[in-house]
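Novice: Pasting a structure here, questions to come.
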Amino acid sequence: MGNEGVVAVEKALSLLDCFKPGEESLTLTALAQASGQHKTTVYRLMNSLERMHYVIRRENGCYSLGPRLLYLGKLYEQSFHLAHIVQPELHALAASTGESASWYIIEEGQRLCLFRAESSEGLRETRLAGSSLPLDNSAIGQVLRYWGLREPLFDRPPELPLYTAGIRDPHIAALSLPVFGEGDTLAAALAITGPVSRLTPESHKTGVTRTMQDTASRLSLRLGASKSFCDRFYPR
């Protein structure tokens, strides 16, 4: 069976990709410009998406994402059987550290933020769950590349959690370490992110490191990693 796909379907789905944080409502003209498609084609495709509740057309003529996408997103989240395990731990981690806590996996050659708990601090790094970013040299990217893709980034296992600052934003720093699952293989990168004024290299010397390691160890055990492996990897 071929893998040519259907051009009309791909064009319609590409219109959904035009919606981004800060661009939640788009006009027909903006959609045509962002997608590179003719305005008449965009109009027909958006009518179809509206009938299927993938988009909503507002009274002012602008389009926004529809409720069907929320339903599918929840199904996608539930397919991992992770939300009820991971999300409470992220909220607890964010509350105890004062920074935003995230759960990243590798998805189609990028790092996907699957779950997120925001910091209660006024100054914070905000990112939507579902956002994809490159597998870069950030602490999160390095965790996924070293333990997930087995890239030889280090001569010896590094001190955890990994710390980087200013990789994607000069004002944002991150601490990250791996979480394992069945077969003691990588399940995700657990991370906290925040402003460099609060999250510094000296954070390793505070209780943040212990808190993150305890969280990663609990999650690893619940996801099927062996206790002997976790005891070695997250030593007290």
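The values are calculated or read from the model by the stated rules, or taken from the named source; none is laboratory data. Since this is a predicted model, take the numbers as computed values, not measurements. Cβ coordinates were reconstructed from backbone atoms using ideal geometry, including for glycine residues, and neighbour counts include every protein chain displayed. Areas reflect the complete protein model, heavy atoms only, side chains present, ligands, DNA and RNA absent. Shrake-Rupley method; radii C 1.70, N 1.55, O 1.52, S 1.80 Å.
Novice: Stretched out fully, how many nm does the piece from Asp17 to Ser96 gain, at 0.36 nm a residue minus the Cα gap?
Specialist: Stretched out fully, the Asp17 to Ser96 stretch lengthens by 24.9 nm.
Novice: Suppose all protein chains stay in the model; what accessible area per residue would a 1.4 Å probe give for the chain, in Å²?
Specialist: In whole numbers, the chain has 56 Å² accessible per residue.
Novice: Suppose R0 equals 41 Å; then what is the FRET efficiency for Asp214 and Asn47 from their Cβ-Cβ distance, rounded to the nearest 0.05?
Specialist: 0.20
Novice: Please list Glu89, Glu23, Glu118 from largest to smallest accessible area, probe radius 1.4 Å, with all protein chains kept in place.
Specialist: Largest accessible area first, the residues go Glu23, Glu118, Glu89.
Novice: Round to the nearest 0.05 the FRET efficiency obtained for Leu133 and Glu59 when R0 = 35 Å and r is the Cβ-Cβ distance.
Specialist: The formula returns an efficiency of 0.50 here.
Novice: Measuring from label point to label point, each 7 Å out along Cα→Cβ, what is the Val7 to Arg156 span in nm?
Specialist: If labels sit at Val7 and Arg156, their model points lie 5.9 nm apart.
Novice: As an exercise, use a Förster radius of 25 Å and the Cβ-Cβ distance of Thr200 and Arg232 to find the FRET efficiency, rounded to the nearest 0.05.
Specialist: Plugging the Cβ-Cβ distance into 1/(1 + (r/R0)^6) gives 0.30.
Novice: When only C-alpha pairs under 8 Å and at least 6 residues apart count, what is the relative contact order of the stretch 7-71, in percent?
Specialist: Taking the mean separation of contacting Cα pairs over the length of the stretch 7-71, I get 32 percent.
Novice: Please state the relative contact order of the chain as a whole percent: Cα pairs under 8 Å, 6+ residues apart?
Specialist: Here the relative contact order equals 13 percent.
Novice: Could you give the length gained by full extension between Leu75 and Arg222, i.e. 0.36 nm per residue of separation minus their alpha carbon distance, to one decimal place?
Specialist: Full extension of this stretch gives 50.8 nm more.
Novice: Hey, of (i) 24, 21, 17; (ii) 42, 29, 14; (iii) 38, 20, 17, which did the structure itself give for semi-axes √(5λ) of the Cα gyration tensor in Å when calculated?
Specialist: (iii)
Novice: Using only helices, what value at 222 nm comes out for the chain when you add -39,500 (n - 2.57) per DSSP H run of length 4 or more and divide by the total residues, to the nearest 500 deg cm²/dmol?
Specialist: Value at 222 nm, helices only, nearest 500: -11000 deg cm²/dmol.
Novice: What is the packing order of peptides 95-101, 133-139, taking the mean over residues of other C-beta atoms within 10 Å and listing the highest first?
Specialist: 95-101, 133-139
Novice: Now for a separate question. Given 0.36 nm per residue, what is the gain on full extension from Leu149 to Glu24 after removing their alpha carbon distance, in nm?
Specialist: 41.6 nm
Novice: Report the relative contact order of the stretch 1-119, percent, no decimals, based on alpha-carbon pairs under 8 angstrom and at least 6 residues apart.
Specialist: Relative contact order, the stretch 1-119: 16 percent.
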